[in-house]
Every structure is written in C-alpha cells, then in structure tokens.
C-alpha cells in the first residue's frame with residue numbers, strides 16, 4: 001500500500017522496495033488519448049487495405065498486403081504460421097484498439113464506461129500480443145532481402161504501417177492502472193481494482209514446463225529451413241542463421257545484426273535469463289532482488305521481437321510468387337520458431353517476480369509511504 005503522490009512534469013513515483021515505477025506524470029488527457037486511438041485505427045485500416053510493397057521481376061509485378069501474406073501462407077500448407085501472424089498482426093491489435101476506444105471514449109465525456117473492470121483487464125492481457133511494430137521491421141528486412149534479386153517499390157501500406165506502429169507504440173503505455181488513475185483524476189469512482197493473489201510456488205513448475213518445451217522446439221527452429229526458395233538458378237533452403245549470413249554477404253550488415261539480435265540472440269538470452277530467475281527463486285536466493293526484478297521486466301518487454309523472422313518469411317512468400325522464375329514458401333522451421341516465441345512469452349507472463357521476494361523472506365509491506373521521485 002502507498003499514498004499516491006502529486007507528480008509534476010518529468011516526475012515518476014517508484015516503489016522503495018523494488019524500484020518499479022508506480023506512476024509517471026500524465027501529459028495526455030482522455031481526449032488526447034482518444035485522438036491517438038482514432039489515428040491508429042485510420043492508419044491501421046489503410047495499412048491493411050493497400051499493398052506494403054510491389055515486387056517486379058522481368059516486367060511482371062506482384063503486390064502484397066498483410067492479409068495476402070497470411071492467405072498465401074495458409075494455402076502453402078502452414079496454417080499454424082498463418083494463424084499466429086494473423087492474430088499478432090491484425091486481429092489482436094484491432095480488438096485492443098476497440099477496447100481502448102470503449103474505455104477512453106466515455107472517460108473523455110466525463111463518465112465511466114460499461115464493464116470497466118473487465119475491459120481494462122483485457123487491455124492488459126492483449127497488449128503484449130499486438131506486434132504491428134515488429135511487422136514493420138519485418139517489412140524492412142524483406143525489402144532489403146529482395147533488393148538484390150528484383151526491383152521492389154514501397155506501397156502506401158508500408159508508410160501507413162509505419163504511422164500505425166508509432167501510434168500503437170504510444171498506446172502501449174496505457175494499462176489498467178493508468179486508465180484507472182485517469183478516472184480518479186476526473187472525479188469518477190471506478191470499481192476497486194482486484195487485489196492480486198499471492199504468487200503460488202506452482203508457478204515455478206509451470207514456467208519450467210513452458211521453458212523446456214521452448215528449448216525443445218528451438219532445436220528444429222534453427223536446424224530446419226524457415227523458407228524455401230525456387231528460382232531459375234535452382235531450389236535452395238534457408239535457416240535463420242543462413243538468412244543472417246546472406247544479409248551480411250549482401251553488405252546489409254546493419255539489417256543482419258537486427259535479424260541476428262531478434263531471432264537468435266533474444267530467444268537464447270530470454271530462455272537463459274528466465275531459467276536463471278526461476279532457479280534463483282527456487283533456491284530462495286536473497287541476492288540482487290531489485291536487479292532480478294528489472295531483469296524480468298526487460299525479458300518480458302523484448303519477447304515479442306523474436307517474431308521478426310516469421311513476419312519476414314510470410315511477407316517474402318506473398319511477394320515472391322512468379323512461378324518458375326522466383327517462388328518463396330515458408331518452411332517447417334518458421335512454424336517451430338513461432339512456437340518458441342509463443343512458449344517463451346507465456347513462460348515470462350506466467351512467472352511472477354513477487355515470488356522471488358516472498359521466498360527470500362520479504363512477506364510484509366514496508367511501513368509508511370513507499371514512494372520516491374525521479375526527475
């Protein structure tokens with residue numbers, strides 16, 4: 001429990017125990033957030049209605065939208081990859097935007113929305129799974145990969161996706177606690193937030209199970225091809241590291257570095273870090289509890305960026321469809337890698353860093369006001 005402070009511009013309140021941010025100064029009113037949500041909706045509709053790019057091979061053009069990429073992936077025999085990308089790149093962002101508008105619209109008019117409690121809870125649940133910024137980076141990687149093979153023209157959808165990604169990143173700052181504080185500041189009385197249950201030690205076994213499954217899938221994800229290329233020079237298959245090496249040899253070392261970090265480095269670090277956090281919690285370690293809490297927050301934050309390679313593959317599959325001249329299809333490695341991303345995200349979300357503090361003996365709240373300020 002803590003007494004809520006009055007914050008000025010540039011200030012934030014932190015917990016004295018774990019240094020997690022409790023609240024930061026709110027510069028936007030509900031009216032401003034409604035404008036951002038509507039802007040995100042408009043740009044997102046344009047991003048999906050128009051092609052992100054058009055590929056030209058020997059005078060023949062092939063345009064692709066996000067939905068084209070999903071449909072092509074489904075018809076090539078990889079419905080699980082298509083379903084993952086459709087959910088993360090379209091369906092969940094749409095639902096997330098609708099829920100935000102449902103809550104912020106009435107708040108802008110000075111009243112509470114219906115089903116306030118359940119809506120803000122679902123906003124928190126959906127936020128990590130909305131991956132439009134990751135898809136934007138996937139488009140850029142696909143453009144670089146194809147630039148040496150054929151002529152590629154960016155489409156209206158690419159610029160709209162960039163605008164939507166910026167707005168959705170800003171909306172990612174909104175969570176249930178921030179929305180609840182907006183309602184309080186307006187003089188409204190939202191339903192009291194449900195008290196979080198004490199973390200159960202059973203979380204450790206569940207996290208280990210999800211991590212173990214991710215490690216098992218990570219092996220075929222790296223050994224099997226994530227995409228297959230058929231061209232006039234013959235068929236070829238590309239693994240994740242093969243794609244990184246190809247980008248490096250093309251001279252795009254910066255893009256190669258991005259793909260390596262997102263698709264190789266981040267999943268490995270995430271699995272190793274999360275495993276270490278769970279193991280230290282099991283051992284009831286009291287060492288570096290604050291650092292471990294912030295490390296967990298970082299692991300949870302970077303998890304969705306591992307989906308980069310899956311987005312690249314489905315977009316390449318939609319753009320490069322020229323029969324015997326050039327044809328790209330997803331491989332089994334893409335499906336396995338998508339499974340790794342989902343399992344590691346579920347493992348991170350299922351682990352509760354409070355358990356590390358409880359098992360280390362911190363079971364009572366600090367007395368007094370648990371807050372401090374940063375400028």
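Just one of the numbered conditions (1) without any contact (Cβ under 8 Å) to a residue 40 or more places away in the chain; (2) within 20 Å of residue 84 (Cα to Cα); (3) buried (at least 19 other Cβ atoms within 10 Å of the Cβ) is not true of residue 244: (2).
Inspect all residues belonging to the stretch 252-264 and state whether any of them is assigned to a helix (DSSP H, G or I), closer than 20 Å to residue 17 by Cβ and touching a helix residue (DSSP H, G or I) at 6+ places or on another chain (Cβ under 9 Å).
No, the stretch 252-264 has no match at all.
When the stretch 289-307 is examined, which residues are found to be touching a residue at least 60 places away in the same chain (Cβ under 8 Å) and either surrounded by fewer than 22 Cβ atoms within 10 Å (Cβ to Cβ) or more than 30 Å from residue 230 (Cα to Cα) (or both)? Matches in the stretch 289-307: 289, 290, 292, 293, 294, 297, 300, 303, 304, 305. A single member of 107, 140, 112, 126 is at pLDDT 85 or above and within 25 Å of the chain's Cα centre (by Cα), and it is 126. Restricting the stretch 70-101 to residues that are touching a helix residue (DSSP H, G or I) at 6+ places or on another chain (Cβ under 9 Å) and not in a helix (DSSP H, G or I) leaves a set whose member that is surrounded by the fewest Cβ atoms within 10 Å (Cβ to Cβ) is 76. One residue stands out in the stretch 32-60 among those that are exposed (fewer than 15 other Cβ atoms within 10 Å of the Cβ) and at pLDDT below 90: the one that is nearest to residue 318 (Cα to Cα), namely 56.
Put simply, of 146, 152 the only residue that is outside any helix (DSSP H, G or I) and either at pLDDT 90 or above or within 23 Å of residue 70 (Cβ to Cβ) (or both) is 152.
Residues in the stretch 167-185 that are over 15 Å from residue 25 (Cα atoms) and surrounded by fewer than 19 Cβ atoms within 10 Å (Cβ to Cβ): 169, 172. Can residue 220 be described as in contact (Cβ under 8 Å) with a residue 60 or more places away in the chain, assigned to a helix (DSSP H, G or I) and surrounded by fewer than 16 Cβ atoms within 10 Å (Cβ to Cβ)? Yes, satisfied.
Does any residue of the stretch 15-34 turn out to be touching a residue at least 40 places away in the same chain (Cβ under 8 Å), under 18 Å from residue 328 (Cβ atoms) and more than 24 Å from the chain's Cα centre (by Cα)? No, the stretch 15-34 contains no residue that is touching a residue at least 40 places away in the same chain (Cβ under 8 Å), under 18 Å from residue 328 (Cβ atoms) and more than 24 Å from the chain's Cα centre (by Cα).
Residue-wise test of (1) surrounded by fewer than 21 Cβ atoms within 10 Å (Cβ to Cβ); (2) touching a residue at least 60 places away in the same chain (Cβ under 8 Å); (3) more than 25 Å from the chain's Cα centre (by Cα).
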{"position": "321", "(1), (2), (3)": "yes, yes, yes"}
{"position": "330", "(1), (2), (3)": "no, yes, no"}
{"position": "337", "(1), (2), (3)": "no, yes, no"}
{"position": "349", "(1), (2), (3)": "yes, yes, no"}
{"position": "354", "(1), (2), (3)": "yes, yes, no"}
{"position": "359", "(1), (2), (3)": "yes, yes, yes"}
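Close Cβ contacts (under 6 Å, 6 or more residues apart or on different chains) running from residues in the stretch 175-194 that are closer than 15 Å to residue 21 by Cβ to residues that are at pLDDT 90 or above comprise 175/124; 176/120; 176/124.
Matching residues to (1) touching a helix residue (DSSP H, G or I) at 6+ places or on another chain (Cβ under 9 Å); (2) over 24 Å from residue 159 (Cα atoms); (3) not in a loop (DSSP other than H, G, I, E, B):
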| position | (1), (2), (3) |
| --- | --- |
| 8 | no, yes, no |
| 18 | yes, yes, no |
| 22 | yes, yes, yes |
| 31 | yes, yes, yes |
| 41 | yes, no, yes |
| 51 | yes, no, no |
| 68 | yes, no, yes |
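Consider the stretch 195-214 and keep the residues that are without any contact (Cβ under 8 Å) to a residue 40 or more places away in the chain and not in a loop (DSSP other than H, G, I, E, B). The one that is surrounded by the fewest Cβ atoms within 10 Å (Cβ to Cβ) is 202. Of all the listed residues (315, 280, 301, 274), the sole one being assigned to a helix (DSSP H, G or I) and touching a strand residue (DSSP E or B) at 6+ places or on another chain (Cβ under 8 Å) is 315.
The values are calculated or read from the model by the stated rules, or taken from the named source; none is laboratory data. Keep in mind the model is a prediction, meaning the values are calculated, not measured. Heads up, the Cβs are rebuilt from the backbone with ideal geometry, glycines too, and the neighbour counts pull from every protein chain shown.
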